[in-house]
Amino acid sequence: MQSLIGTGVALVTPFKKDFSLDVDALKRIVNYQIDNGIDYLVVLGTTAENATLSDEEKNEVIKTVINVNDGRLPLVLGVGGNNTHEVVQELKTRDLSAFDAILSVSPYYNKPTQEGIYQHFKAISEASPKPIILYNVPGRTSSNMLPDTVLRLANDFKNIVAIKEAAGDIVQAMNLIQNKPKDFLIISGDDMIALPMILAGGSGVISVIGEGFPKQFSEMVHLGLNKKVVEAYEIHYFIADSIDMIFEQGNPAGIKEVFSIMGLSENTVRLPLVNVDQNLSNQLRNFVDKVSNL
């Protein structure tokens, strides 16, 4: 899965001020990623505010991204949830022909055991016609997919090809990198430790900050993959403060504020999310100005 090495971005779903889907803004955002060095696009990941989207809106997002991308970059589709049967049914019925892989989050809220997590992804593996990227994000699911479970899945199912590891634990990430099957990819899901994970042997990142500053962030990732450590860390430390800022008051409220400042979309999020406050908006504006003056 060479197409999954490098910088992927978890696309937001832009809304108009009346909270309706903003298709034109989505087109601008997709082109902005493609024009500035991103390697692949993740559609309807958790950053897309999936929980607030209707099936009709999801279909419109998928159609829009496929059409605008026009085969230029690999596409990954988020297909996950805490109802295994529902996820399996979607995999069996949705047209996945335009996608290189699916990204599937570990079940949230239910807090399954490690065996439950294994059986969940076993069912997904058996249903999926596409390669699968596991997604471990215990800060949101309240359940950590342990390395032993990940490695068991990676060894048992050939179509489970990668994990987006977002536990924020570099030791856990290194455990995975050390013990993974040869071609299994460890992809960072945490922007702040993406570079250390890459330098330790990871294959890249699925990023949020990367879609705000794709040129700089993708350059950092590519430098890291080429083991150009000093140059990569110069960019990391330049971007680091903005990573904290965009997550300070919730995702994707922070990155949507960045897009609003850039004129790419409105900063609208759907409840229960709310916009960032004026103080954080000012800080983000200052950073955007700093980047534009480079």
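Using the Kyte-Doolittle scale, find the helices of the chain whose mean hydropathy is at least -1.0 and whose Cα atoms extend 15 Å or more along the helix's long axis, counting only whole DSSP H runs. Before the final figure, lay out each step's value.
Values: long enough: 23-34 (17 Å, 0.23); 55-69 (21 Å, -0.76); 114-127 (20 Å, -0.59); 214-225 (16 Å, -0.03); 229-248 (28 Å, 0.67); 278-292 (21 Å, -0.81).
Those that clear 15 Å and a mean of -1.0 are 23-34, 55-69, 114-127, 214-225, 229-248, 278-292.
Among the DSSP beta bridges whose two residues both lie in the chain, what percent are antiparallel, rounded to the nearest 5? Intermediate results must be reported in sequence, preceding the final value.
Working: 1 of 29 bridges.
Bridges in the chain are about 5 percent antiparallel.
Can you bin the stretch 1-86 into rounded, prolate or oblate? Criterion: square roots of the alpha carbon gyration tensor eigenvalues sorted a ≥ b ≥ c, rounded for a/c under 1.5, prolate for a/b above b/c, oblate for the rest. Intermediate values should be presented prior to the final figure.
Values: a/c = 2.01, a/b = 1.16, b/c = 1.73.
Taking the square roots of the gyration eigenvalues as a ≥ b ≥ c, the stretch 1-86 is oblate.
Using +1 on the beta carbon of Lys and Arg, -1 on that of Asp and Glu, and nothing else charged, what's the dipole of the stretch 206-270 about the Cα centre, debye to 20? Numbers along the way, then the final one.
Numbers: 5 positive and 9 negative charges, 46 e Å.
Once rounded to the nearest 20, the dipole reads 220 debye.
Let me know the shape class of the stretch 47-93, please: from the alpha-carbon gyration tensor, a ≥ b ≥ c as square roots of the eigenvalues, rounded when a/c is under 1.5, otherwise prolate if a/b is greater than b/c, or oblate. It would help to have the intermediate numbers written out before the result.
Details: a/c = 2.14, a/b = 1.62, b/c = 1.32.
Prolate, since a/c reaches 1.5 and a/b exceeds b/c.
Between T64, T13, T93, which gets the highest mean-square fluctuation from a Gaussian network model of the chain, Cα cutoff 10 Å?
Among T64, T13, T93, the largest GNM mean-square fluctuation belongs to T93.
Sorted from largest down, what three extents in whole angstroms do the Cα atoms of the stretch 69-204 have along their principal axes?
39, 38, 26
If the only charges are +1 at each Lys and Arg Cβ and -1 at each Asp and Glu Cβ, what is the size of the charge dipole of the stretch 165-294 around the Cα centre, to the nearest 20 debye?
Value, rounded to 20: 320 debye.
Tell me, in nm to one decimal, what length is gained between N31 and K122 on full extension, where the rule is 0.36 nm per residue of separation less the Cα-Cα distance?
Between N31 and K122, full extension yields an extra 29.2 nm.
Please report the Cα spread of the stretch 174-237 along all three principal axes, rounded to whole Å, starting with the longest.
That gives 32, 23, 16 Å along the principal axes, largest extent first.
Given the C-alpha centroids of the stretch 273-290 and the stretch 161-193, what is the distance between them in whole angstrom?
31
Report the charge-dipole magnitude of the chain in Debye, nearest 20, computed about the Cα centre from +1 at each Lys and Arg Cβ and -1 at each Asp and Glu Cβ.
Values: 25 positive and 35 negative charges, 100 e Å.
Magnitude of the dipole: close to 480 debye.
Give me the compactness ratio for the stretch 212-288, meaning the Cα radius of gyration over 2.2 N^0.38 Å.
Numbers: Rg = 13.9 Å, N = 77, 2.2 N^0.38 = 11.5 Å.
The stretch 212-288 yields a ratio of 1.21.
At q = 0.08, 0.09, 0.13 Å⁻¹, what base-10 log of I(q)/I(0) does the Debye formula yield for the chain when every alpha carbon is treated as an equal point scatterer in vacuo?
Listed by q, the Debye log ratios stand at -0.31, -0.39, -0.87.
Of A101, A162, A240, which is the most mobile in a GNM of the chain whose springs link Cα atoms less than 10 angstrom apart?
Looking only at A101, A162, A240, the biggest GNM fluctuation is shown by A240.
Return the Rg/Rh ratio of the stretch 88-137 with Cα-based radii and a Kirkwood Rh. The partial results should precede the final answer.
On the way: Rg = 11.3 Å, Rh = 11.6 Å.
My calculation puts Rg/Rh at 0.98.
Express in nm, to one decimal, how much length is gained between M192 and F157 on full extension, taking 0.36 nm for each residue of separation and deducting their alpha carbon distance. Display every interim value, and only then the final one.
Details: separation 35, 0.36 × 35 = 12.60 nm, distance 3.01 nm.
Answer, rounded to one decimal: 9.6 nm.
Restricting attention to the alpha-carbon atoms of the stretch 139-294, what are Rg (one decimal) and Dmax (integer), both in Å?
Using the Cα atoms of the stretch 139-294, the pair Rg, Dmax is 17.0, 50 Å.
Can you give the helix-only mean residue ellipticity at 222 nm for the chain, where every DSSP H stretch with n ≥ 4 adds -39500 (n - 2.57) and the sum goes over all residues, rounded to the nearest 500 deg cm²/dmol?
Details: 13 runs with 142 residues, N = 294.
So the calculated ellipticity at 222 nm is -14500 deg cm²/dmol.
For the chain, set up a Gaussian network in which alpha carbons nearer than 10 Å are linked by springs, and say which option among E126, E56, E266 fluctuates the most.
Maximum fluctuation in the GNM of the chain, among the listed residues, is at E56.
Provide, in order from the shortest bin, the percent of all Cα-Cα pairs of the stretch 1-159 in each 5 Å bin, continuing until the bin that contains the maximum pair distance.
Cα pair-distance distribution for the stretch 1-159, in percent: 2, 8, 19, 21, 20, 15, 10, 5, 1, 0.
Where a number appears in this text, it was derived from the coordinates with a stated rule and is not lab data. Quick caveat, the model's predicted, so the values are computed rather than measured. FYI the Cβ positions are ideal-geometry reconstructions off the backbone, even for glycines, and counts take in every protein chain you see.
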